[in-house]
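Report on one structure; see the data block that follows.
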Amino acid sequence: MTANGGPRPLLEVDEVSVRFGALMALTKVSLDIARGEIVAIIGPNGAGKTTLINVISGFYRPYEGHILFDGKDRTHLRPPDVAALGVARTFQNVALFKGMSVLDNIMTGRLLKMHGSFLLDALWWGPARRQELANREVVERLIDFLEIQAIRKTQAGKLPYGLQKRVELARALAAEPALLLLDEPMAGMNVEEKEDMCRFILDVNSEFGTTIALIEHDMGVVMDISHRVAVLDYGRKIADGTPDEVRKAQAVIDAYLGVAHE
Amino acid sequence: MTATLGAQADTFPKLVRANAETLPRKTAIREKDLGIWQAYTWRDYWEQSRLIALGLASLGFARGDKTAVVGDNRPRLYWAVCATQALGGIPVPLYQDSIEKELAYIVDHAEARFAIVEDQEQVDKLLHLRAQCPRLEFIVYDNARGLRAYSEPNLMSLEELLERGRKFEQNHANYVEDEVAKGRADDTAIICYTSGTTGTPKGAMLSHHGLIVTARNSAAAEGLDASEEILSYLPMAWVGDHVFSYAQSVITGFAANCPESAATVLHDLKEIGPTYFFAPPRIWETILTNVLLRLDDCAWPKRKLVHFFLDLAQGMERRRLAGQPVSLLPRLLYPLGRALVYGPLRDNLGMRRVRRAYTAGEAIGPEIFVFFRALGINVKQLYGMTEASVFVTIQRDGDVRLDSVGTAIPGVEIRISGTGEVQFRGAGVFQGYYKNAEATRDAVHDGWLSSGDAGFLDASGHLKIIDRAKDLSRLSTGTIFPPKFIENKLKFSPYVKEAVCVGQDRPFVTALINIDLAAVGNWAERRGIAYTSYTDLSQKPEVYALIHDEVTRVNASLRDDEVLRGATLRRFLILHKELDPDDEEITRTRKVRRGYIAQKYADLIEALYSDRTHVQVEAKVTYEDGRSGTIRADVTIRDVE
């Protein structure tokens, strides 16, 4: 893996295949993500992008291949275990607790960092109190960071879509992840919302040093913010390189222009 | 305590230092950060200002240098103002939402060497304009978010500046104290660039002496003391914020509170519960519109109850303002209304503790004024100008009237010129426009400052403002036509956000109207009217019918007036886009730029005076980042009987 002598990547996806019955959703896909990188995963609809995110975050089990996180094999972990390792994600269709306030939604992102006893929590005393205050401070920093102070106490379900996406990002960040997986963070947004989201993603990367893998359709966005782009088509990786390299790759042009597969 | 506090101190840094000694533990300023109100005492205030000053000194700050201050209201930016003054420099606050071109003009004109700004947004603008403004050397930012990767020279965080300051202090122990001691009362304390409804901005230079005397006189006249709490939410670049949040706070020792963000102001208002509150008419309008909208969504028994008591209180307040007696029944019912409606509503608006509230900047719609006074909120009008360190007149408690802006504050004299223009003089009058002697000569004659407003003094010394002197005109029929007066009547409607009336040398009055997207959008949704955009909504026949009713209402009230009977509106149209400061149609303080609009919308105005009922328009819009685009629309024109 470290043939070039560089430091070991944060995430190594090694020849992973996923199949649903007879359908191969991913076929021997390999992808390394280095620490501090922003990697975009692109490809036409049905190319297997979300499947790749789902297999990394443990929602799907690979049919073959290995996934190494921080050098350790964790191919067969379930989602909560993956989260405990420091991987957080957002969803293509916003998945917030709609009846809860924005603040409470983001607090749920801290659950893995909380170790309470039922009695102390109920009394809100001693360590339980200190713990909640410490967690609240982390959450408040994120609220400040993502500029959502005005909606702190608003019910998540009442927010416009663009803001829900931002709250979801806040919840993922609350887990202080080493690797952040974003599934179409800008889908359905207008230009201004997209620009804001781009800025937040870049700031997360530079301020917290978070490694980010994102799926995105807007090519302008992808080329602007990512260090590296991986292209999937029909469940296979057809290109992997800097935005410029990928833009020029013939296989990518063919995939996007829909050249017939013989 | 108020009177003696720093009595010998003749500049703001001296006053702040005196506060740090006499009121070391009194809260001077608060900021809501991470969801919690963080308080800083007067000792902190001085210590932080001193450190910033040391940091600036380490960069070679010389007396007379200028610091551009750009950002939302933040304690550190107020300290930057104090630090600059401490070194004998002049702070130049700028509007934080200005586009780069506007910033560039002022930074260049003011010859600012230093800039202390809030965040990346401002840093980006300033870095870009530094190329054209070679005098701008150092840029210091408060919030480092997104800026870690920047490697431009002479760009640093406030922490780095403070660190430099601490090092500098080791070799220059009394540097700041010595510099403060050199300060003189007639030094320029600040240059406030007026937003300028006409042409390029002008920098009004205000002296320490002028600001101190004005702040002290106004505080004494209104009985302000160190226990006041205010919300500092209006742009720092506006002279009003400088006087309320800085000058008066330093003079009396009261606490200024900086909201968490621009979007949370109304919420923070509730948490702070200010005792002293200032808002321009548009904010009062927004609050009133919100109340009325929420009321519309209530169940009908509640709605009826609230309307009954609001009508009752407004009826009483109108009689009181007109000096008429109030009959017994309403007086008996008022306490019940206070328990059921007025008290809870005030509490909900965050105005339960307000002892004095002010409105100024533009005439306020009488209906808005009466609404808030009827709730028991002591809203008063004041009249002021940047060039006068704000205060010229204030309405006194117990002597509030609808049609006047009050009487002169102590130390200010008012006279009316031969052409009907209001002129005044006093300690607060500015030192002149920076590098613009010609404009200064036009504004000041023998120490009397021309306000540009037409008005008159009544027998009891109350000043009444009719309109801008240059706006007041006549129709071709000879009838007096006060555009702003009619526009304000239109704007009382929650559905009308902005209005521009035309009529000079024309046979009748017409209006270009901006609908309020929130209010009309809500109204449309409840009636199941679908719309896609502002432009689309503005041209709906239903919306035209709605606005038509509002225009008819305004006409009815104009007909009641002896003088203005002939100035009723005959035709109107609803503009397809919002008037926007980015398009230079209104100023940053939301004053209509009549001349520019007359030019830009000449086609529409011609159509208003023809028999056409539709106009095709194509308008250029400028976005906040300076890019531009076009909007196409088919604008309808309506006749009013």
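Nothing in this text is a laboratory measurement; each read-out follows from the coordinates by a stated rule. Values in this document were obtained by computation on a predicted structure and should not be read as measured data. Note that each Cβ is placed from the backbone with ideal geometry, even for glycine, and that neighbours are counted across all protein chains shown.
Which values, in whole Å and largest first, are the semi-axes of the equivalent ellipsoid of region A:1-119 obtained as the square root of 5 times each eigenvalue of the Cα gyration tensor? Could the numbers behind the result be given before it?
Working: eigenvalues 155, 76, 42 Å².
Semi-axes (√(5λ), whole Å): 28, 20, 14.
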> Tilt of helix A:191-208 relative to the longest C-alpha principal axis of chain A, in degrees (0 to 90, nearest 10)?
Replying inline: 80
> If you average 1/r over all unlike Cα pairs in region A:165-262 and invert the result, what Kirkwood radius do you get in angstrom?
Replying inline: 14.7
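Given R₀ = 22 Å, FRET efficiency for B:Ala530-B:Arg638 by Cβ-Cβ distance, to 0.05?
Values: r = 22 Å, r/R0 = 0.99.
My answer for the efficiency is 0.50.
Taking every pair of distinct Cα atoms and averaging 1/r, then inverting, what Kirkwood hydrodynamic radius in Å comes out for region B:473-639?
When all Cα pairs of region B:473-639 are included, the Kirkwood radius is 16.4 Å.
So for region B:438-480, considering every pair of alpha-carbon atoms, how many percent are separated by more than 11 Å? Show your work: numbers first, answer last.
Values: 666 of 903 pairs.
Counting every Cα pair in region B:438-480, those more than 11 Å apart make up 74 percent.
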> Ordered by residue, what ³J(HN,Hα) values in Hz, to whole numbers, does region B:146-160 give under the Karplus form 6.51 cos²θ - 1.76 cosθ + 1.60, where θ = phi - 60° and Gly and Pro are x?
Replying inline: x, 10, 4, 7, 6, 10, 4, x, 6, 10, 8, 7, 4, 4, 4
> Among B:Val81, B:Gln96, B:Ile106, whose Cα sits farthest toward the positive end of the charge dipole of region B:69-109 (+1 at Cβ of Lys/Arg, -1 at Cβ of Asp/Glu, about the Cα centre)?
Replying inline: B:Val81
>> Given the options B:Ile272, A:Ile253, B:Ser610, identify the residue whose Cα lies farthest towards the positive end of the charge dipole of the protein assembly as shown (+1 on Cβ of Lys, Arg; -1 on Cβ of Asp, Glu).
In response: B:Ile272
>> For A:Met223, B:Met205, B:Met351, which order do you get if you count the other beta carbons within 10 Å of each Cβ and list the fewest first?
In response: A:Met223, B:Met205, B:Met351
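If you take every residue apart from A:Leu26 with its C-beta less than 11 Å away from the C-beta of A:Leu26, what net charge results, scoring Lys and Arg +1 and Asp and Glu -1? Show your work: numbers first, answer last.
Values: positive: A:Arg19, A:Lys28, A:Lys49, A:Arg236, A:Lys237; negative: A:Glu15, A:Glu64.
Summing Lys/Arg as +1 and Asp/Glu as -1 gives +3.
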>> Once the convex hull of the alpha carbons of region B:317-408 is built, what does its volume come to per residue, in cubic angstrom?
In response: 102
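Sort A:Ser226, B:Ser58, A:Ser101 so that the residue with the fewest other Cβ atoms within 10 Å of its own Cβ comes first and the one with the most comes last. Write out the running numbers ahead of the final one.
Details: A:Ser226 24, B:Ser58 19, A:Ser101 16.
So the residues, fewest neighbours to most, are A:Ser101, B:Ser58, A:Ser226.
Just to verify a number: FRET efficiency for A:Leu111 and B:Arg63, C-beta to C-beta distance, R0 = 60 Å, to 0.05?
Working: r = 57 Å, r/R0 = 0.96.
The formula returns an efficiency of 0.55 here.
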>> For the protein assembly as shown, compute Rg over Rh where Rg is the Cα radius of gyration and Rh is the Kirkwood radius from the inverse mean 1/r over Cα pairs.
In response: 1.00
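As a quick test, which of the pairs B:Lys491/B:Lys600; B:Lys464/B:Lys491; B:Lys32/B:Lys101; B:Lys26/B:Lys270; B:Lys26/B:Lys591; B:Lys66/B:Lys270 have an alpha carbon distance above 28 angstrom in this structure? Numbers along the way, then the final one.
Numbers: B:Lys491/B:Lys600 22 Å; B:Lys464/B:Lys491 20 Å; B:Lys32/B:Lys101 31 Å; B:Lys26/B:Lys270 22 Å; B:Lys26/B:Lys591 38 Å; B:Lys66/B:Lys270 37 Å.
In this structure, B:Lys32/B:Lys101; B:Lys26/B:Lys591; B:Lys66/B:Lys270 exceed 28 Å between Cα atoms.
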> At B:His172 and A:Ser30, where each label point lies 7 Å from the Cα along Cα→Cβ, what is the point-to-point distance in nanometres?
Replying inline: 6.1
> With no solvent and one point per C-alpha, what does the Debye sum give as log10 I(q)/I(0) for chain B at q = 0.05, 0.10 Å⁻¹?
Replying inline: -0.24, -0.98
>> Need one number: convex hull volume per residue for region A:10-68, Cα atoms only, in Å³.
In response: 76
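How big is the dipole moment of region B:12-213 about its Cα centre under a simple scheme where the beta carbon of each Lys and Arg is +1, that of each Asp and Glu is -1, and everything else is neutral? Debye, nearest 20, please. Before the final figure, lay out the partial values.
Working: 25 positive and 28 negative charges, 87 e Å.
About 420 debye.
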> For region A:99-176, taking Cα atoms only, what is the radius of gyration to one decimal and the Dmax to the nearest whole Å?
Replying inline: 13.0, 39
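Hey, what's the Kirkwood Rh for region B:559-641 if you take every pair of different alpha carbons, in angstrom?
Working: mean 1/r = 0.0686 Å⁻¹.
Taking every pair of different Cα atoms in region B:559-641, averaging 1/r and inverting gives 14.6 Å.
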> Cross-link partners among aspartates and glutamates for B:Lys435, C-alpha distance below 18 Å, same-chain residues fewer than 8 apart left out?
Replying inline: B:Asp65, B:Glu102, B:Asp108, B:Glu111, B:Asp186, B:Asp187, B:Glu387
>> Taking the square root of 5 times each eigenvalue of the Cα gyration tensor, what semi-axes in Å does the equivalent ellipsoid of region B:12-213 have, largest first?
In response: 25, 20, 18
>> I need the phi-derived Karplus couplings for region A:215-223: 6.51 cos²θ - 1.76 cosθ + 1.60, θ = phi - 60°, integer Hz, Gly and Pro marked x.
In response: 9, 8, 9, 6, 5, x, 4, 4, 5
>> I'd like the FRET efficiency for A:Asp224 and A:Glu245, computed as 1/(1 + (r/R0)^6) with the beta carbon distance as r and R0 of 22 Å, rounded to 0.05.
In response: 0.90
>> Testing the spin-label approximation: label points 7 Å from Cα along Cα→Cβ at B:Ser460 and B:Arg565. State their distance in nm.
In response: 2.9
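So between B:Ala322 and B:Arg401, what do we pick up on full extension, going 0.36 nm a residue minus the alpha carbon distance? Intermediate results must be reported in sequence, preceding the final value.
On the way: separation 79, 0.36 × 79 = 28.44 nm, distance 0.72 nm.
Taking B:Ala322 through B:Arg401 to full extension adds about 27.7 nm, to one decimal.
What are the semi-axes of the equivalent ellipsoid for region B:546-590, taken as the square roots of 5 times the Cα gyration tensor eigenvalues, largest first, in whole Å? Show your work: numbers first, answer last.
On the way: eigenvalues 152, 40, 14 Å².
Those come to 28, 14, 8 Å.
With a 10 Å Cβ neighbour count serving as the proxy for reagent exposure, in which order, fewest first, do B:Ser207, B:Ser460, B:Ser232, B:Ser157 appear?
Numbers: B:Ser207 22, B:Ser460 9, B:Ser232 26, B:Ser157 15.
Ordered by Cβ neighbours within 10 Å, fewest first: B:Ser460, B:Ser157, B:Ser207, B:Ser232.
What dipole magnitude, in Debye to the nearest 20, does region B:473-639 give about its Cα centre under +1 on Lys/Arg Cβ and -1 on Asp/Glu Cβ?
On the way: 26 positive and 26 negative charges, 76 e Å.
For this selection, approximately 360 debye.
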